[in-house]
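This report refers to the structure that appears directly beneath it.
The values are calculated or read from the model by the stated rules, or taken from the named source; none is laboratory data. The structure presented is a predicted model; accordingly, all values stated were derived computationally and were not measured. Don't worry about glycine lacking a Cβ; one is built from the backbone with ideal geometry, like all the others, and counts go over all protein chains shown.
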Amino acid sequence: MDRKIITKSTTTLAPREREVFNCLIEGLKTSEIAKKFDIKPNTVSTIKKVIFRKLRINSPMELYKIAIQNNLIQI
């Protein structure tokens, strides 16, 4: 998905952050994301922290809420 993710803070995610975001909302684990992009699990964890900071969220549930609000997933 190339769609820019815009949140209440109007922060947009960088391309790699969007890729990890999409993997997270697909339910992939850190190790699976690392393998998919050929990066270390620690790098994925760091990217996740950056995503959460940029989106001003504290939990995966809030991540799903943003995805739903931006029509990236349907319930």
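Numbers at a glance
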quantity	calculated
Residues located in the range 17-70, provided they are surrounded by 15 or more Cβ atoms within 10 Å (Cβ to Cβ) and among the small types (Gly, Ala, Ser)	Ala34, Ala67
Residues that are under 15 Å from Leu13 (Cβ atoms) and β-branched (Val, Ile, Thr), drawn from the range 23-75	Ile25, Ile33, Val44, Thr46, Ile47, Val50, Ile51, Ile57, Ile66
Residues (without any contact (Cβ under 8 Å) to a residue 12 or more places away in the chain, outside any loop (DSSP other than H, G, I, E, B) and out of contact with any helix residue (DSSP H, G or I) (no Cβ under 6 Å at 6 or more places or on another chain)) located in the range 17-54	Glu32, Lys35, Asn42, Thr43, Thr46, Lys49, Phe52, Arg53
Qualifying residue in the range 41-48 (condition: touching an Asp or Glu at 6+ places or on another chain (Cβ under 7 Å) and among the hydrophobic types (A, V, I, L, M, F, W, C))	yes
Residue within the range 4-16 that is assigned to a helix (DSSP H, G or I) and either modelled with pLDDT of 95 or more or surrounded by 11 or more Cβ atoms within 10 Å (Cβ to Cβ) (or both) present	yes
